[in-house]
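Taking it in order: structure first as structure tokens, then the write-up.
The values are calculated or read from the model by the stated rules, or taken from the named source; none is laboratory data. Keep in mind that this is a model prediction, so the values were computed, not measured. When we count neighbours, we look across all protein chains shown, and the Cβ atoms used for this are built from the backbone with ideal geometry, even at glycine. Please note that ligands, DNA and RNA were not included when accessible areas were found on the heavy atoms of the full protein model with its side chains. Shrake-Rupley method; radii C 1.70, N 1.55, O 1.52, S 1.80 Å.
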Amino acid sequence: MQAKDIFERLRNGETISPRDHEAYKMREASFATKKLLVQMNSSSDPAEIRDLLSRITGSEIDNSTAVFTPLYINYGKNIRIGKNVFINFDCVFLDLGGITIEDNVLIAPKVSLLSEGHPIAPEDRQSLVPGHIHIKRNAWIGANATILPGVTVGENAVVAAGAVVSKDVPDNTVVGGIPAKIIKTV
């Protein structure tokens, strides 16, 4: 049986030690992504932006999806974006743990989707702990919200501006605050 590469291990939720023999591949991949990001973030042509984002993610970005640059991504290949998605200016997507954005999602300016973090213990802190982020259909992520590793934002849910979401958001709810808590249902 062939050993899994570091990116497959990250997608599967495996914690990666800084001493991992393939850890260097994460930086190499980030630098390759950065080259495409510089081009994408310099463009004002929606079709060119979608094309470059498709190259970054390795998957087709539908014509119904709009991305207002700049958008900052550290890897890209673990991002899946549905149809009729709107991503506003100045967002950060750290996707080594995986990010899925379903159809009809609205993402406001300065949203951070952070699918990776670090252990709390100082002796382990340099390790990378991935957690897939899943944003379901018709969700709206408000300005400057942060979604942390392993969180699912439910269908039709709203994340209020400035919220820090560390736990799953149920379908048809509005959450806000730090840490985010349910405010009401929709």
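Rundown of residues vs (1) outside any loop (DSSP other than H, G, I, E, B); (2) in contact with a Leu (Cβ under 6 Å, 6 or more places away or on another chain), yes/no style:
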{"site": "SER64", "(1), (2)": "no, no"}
{"site": "GLY76", "(1), (2)": "no, no"}
{"site": "VAL92", "(1), (2)": "yes, no"}
{"site": "LEU96", "(1), (2)": "no, yes"}
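The C-beta contact set for the stretch 59-85 (first residue of a type in the set (Lys, Arg), second residue part of a strand (DSSP E or B), distance under 8 angstrom, 6+ apart or interchain) comprises ARG80/ILE99; ARG80/THR100; ARG80/ILE101. The single condition among (1) of a type in the set (Gly, Ala, Ser); (2) open to solvent by 10 Å² or more (accessible area, probe 1.4 Å); (3) touching a helix residue (DSSP H, G or I) at 6+ places or on another chain (Cβ under 8 Å) that GLY97 does not meet is (2). Being out of contact with any Ser or Thr (no Cβ under 6 Å at 6 or more places or on another chain) and either closer than 25 Å to ARG11 by Cβ or among the aliphatic types (A, V, I, L, M) (or both) is the requirement here; does THR146 meet it? Judged against the criteria, THR146 is not a match. Would you say PRO179 is open to solvent by 50 Å² or more (accessible area, probe 1.4 Å) and either more than 25 Å from VAL38 (Cβ to Cβ) or among the β-branched types (Val, Ile, Thr) (or both)? Criteria met by PRO179. Looking only at the stretch 1-22, count every residue that is surrounded by 13 or more Cβ atoms within 10 Å (Cβ to Cβ), in contact (Cβ under 8 Å) with a residue 24 or more places away in the chain and outside any helix (DSSP H, G or I) and tell me the total. Looking only at that region, the number is 4.
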